[in-house]
Amino acid sequence: MRRKTAVARLILHVVMELAGRYGRGRISGMLAGLRKPEILEADLDRHPAFVRWQTWATARFLRFIGALEKAGCIDKTDSKYPCIDINQSGTRSA
């Protein structure tokens, strides 16, 4: 249970820091330590959370992000691309 709470808080902090600029795929890829061009070009490999939970697959982070969306902590932005951002509920939980 503590690990799940730590991961949820990590995701919320990362989403808050990135301020709605990226979507679920890039954020989960960054946390999993993927070295895909879109992650490297955005300098997400320099973020302190990059490879934080290296043993986790991207799909596992995507499930967590989906659960945080369902819990009302993360919202999709109205941008051209499907980005996510933290909301008031998520800020309180972070």
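Computed from the coordinates by the stated procedures, all read-outs in this text should not be read as laboratory data. Owing to the predicted nature of the structure, the values given are computational and were not obtained by experimental measurement. Cβ: placed from backbone, ideal geometry, glycine included. Neighbour counts: every protein chain shown.
Most exposed first by the Cβ proxy, i.e. fewest other Cβ within 10 Å, how do Lys36, Lys80, Lys70 rank?
On the way: Lys36 15, Lys80 6, Lys70 9.
Ranking Lys36, Lys80, Lys70 by Cβ neighbours within 10 Å, fewest first, gives Lys80, Lys70, Lys36.
Rounded to the nearest 0.05, what FRET efficiency do Thr5 and Lys76 give with R0 = 25 Å and r taken as the Cβ-Cβ distance? Could you check?
Working: r = 24 Å, r/R0 = 0.94.
In this case the efficiency is close to 0.60.
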- Could you pull out every whole DSSP H run in the chain that spans at least 15 Å of Cα extent along its own axis and averages -1.0 or higher on the Kyte-Doolittle scale? 2-18, 58-70
- Message: Explain nothing, just compute: Karplus ³J(HN,Hα) = 6.51 cos²θ - 1.76 cosθ + 1.60, θ = phi - 60°, for every residue of the range 79-94 in order, whole Hz, x for Gly and Pro.
- Response: 7, 4, 9, x, 9, 10, 8, 7, 10, 4, 4, x, 5, 5, 7, 5
- Roughly how many Å is it from the Cα centre of the range 67-94 to that of the range 1-40, as a whole number? 12 Å
- Query: Using +1 on the beta carbon of Lys and Arg, -1 on that of Asp and Glu, and nothing else charged, what's the dipole of the chain about the Cα centre, debye to 20?
  - Reply: 460 debye
- Query: Taking K and R as +1 and D and E as -1, what net charge do the other residues with C-beta under 14 Å from the C-beta of Ser79 add up to?
  - Reply: +2
- Message: Run lengths n ≥ 4 of DSSP H only: what is the helix-derived mean residue ellipticity at 222 nm for the chain, with -39500 (n - 2.57) per run over all residues, to the nearest 500?
- Response: -15500 deg cm²/dmol
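Before anything else, pin down the relative contact order of the chain: Cα pairs under 8 Å, at least 6 apart, normalised by residue count, whole percent.
Numbers: 119 pairs, mean separation 34.6, N = 94.
Dividing the mean separation by the residue count of the chain yields 37 percent.
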